[in-house]
Amino acid sequence: MRIKEVDEAVVTKAILEGSLKYLHELTEVDVAVVGAGPAGLTASRYLAKAGLKTVVFERRLSFGGGIGGGGMQLPMLVVQSPADEILREVGCNLTTYREGVYLANSSEMLAKLAYSAVKAGAHIILGVTVDDLIYRSEENRTRIVGVVVQWSSVIISGLHVDPLAFKAGAVVDCTGHDAEVLSVASRKIPELNLMIQGEKAMWVSESERLIVEKTGEVSPGLYVAGMAVATLNQTPRMGPIFGGMLLSGKKVAEIIIERYKQNRTQG
Ligand code: 48F
């Protein structure tokens, strides 16, 4: 076997040309999902499957959010019905622990959720932090129209480097416990009157139910799914069970898809 010789300049040019072309295509999308945890990966899969141009910005250099850490870093995760259907759709093996209660391997769940989101056409950009929002105000109506992003490494370094902005028809906060996008909205766009109340202590079933129930649009153009829903609404945390995150991701996608359908019919 003879390995192809490649000049250093060719490697650099390929990376620059490929990446710039790729990112250029993503400067205006239908949906920007922030966070590639269970809620963000699930949402982006359904959004992309429905034909919406979807980009996921993930702070870390890996996907999965809280999936990999599971319950105290143990390798099997708990998922309850009907969220098992979402995992079956992506080909994740499940074993039945009790009726309606299933176990999934965390690495498999993480890999298959991410793979199926990418396969559906979602674009996942790793190592990028959303640290601000783009907004417009007209006739007392304020709308979120995109996100402001920075390399996570630049933020960690503390260097003063201006960020770039990406426009999006809808922005979804899937950042987990800290509800980071909503926090920015609450702090920097006071006219939205957003109060981030902080999650309550653990109550598994109530948390899962309320998170799915309260998943949706927070203000025009701004949506929330996953654990950030509990942080916004001061509902209980659910701890190491993942069904609610998957169902919340699916629900926010369905709401946005429906919104796009309505806009197309009207416009
Ligand atoms: O934390 P995370 O997994 O949120 P989730 O999808 O699921 C919560 C559960 O994992 C778990 C639980 C049991 O079900 O309680 O906590 O709601 O994933 C959030 C992802 O968002 C990224 C973060 O690195 C993680 O991968 N993230 C957070 N803030 C930002 C961000 C940000 N400002 N910009 C980009 N990514």
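The values are calculated or read from the model by the stated rules, or taken from the named source; none is laboratory data. Computed from a predicted structure; not experimentally measured. Reconstructed Cβ throughout: ideal geometry from the backbone, glycine too, with neighbour counts over all protein chains shown. Note: areas computed on protein heavy atoms with side chains; ligands, DNA, RNA excluded. Shrake-Rupley method; radii C 1.70, N 1.55, O 1.52, S 1.80 Å.
Listed values, structure above:
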read-out: Verdict on Gly239 being in contact with a helix residue (DSSP H, G or I) (Cβ under 7 Å, 6 or more places away or on another chain), modelled with pLDDT of 95 or more and more than 19 Å from Val145 (Cβ to Cβ); value: no
read-out: Among the candidates Gly244, Gly226, residue that is assigned to a helix (DSSP H, G or I) and within 24 Å of Arg45 (Cβ to Cβ); value: Gly244
read-out: In segment 164-200, residue farthest from Leu26 (Cα to Cα) [restricted to those that are open to solvent by 80 Å² or more (accessible area, probe 1.4 Å) and hydrophobic (A, V, I, L, M, F, W, C)]; value: Met195
read-out: Checklist (1) part of a strand (DSSP E or B); (2) in contact with a helix residue (DSSP H, G or I) (Cβ under 9 Å, 6 or more places away or on another chain); (3) surrounded by fewer than 16 Cβ atoms within 10 Å (Cβ to Cβ) applied to Val161, failing item; value: (1)
read-out: Segment 24-72 - residue that is open to solvent by 10 Å² or more (accessible area, probe 1.4 Å) and among the polar types (S, T, N, Q) and, of those, farthest from the ligand (Cβ to nearest atom); value: Thr27
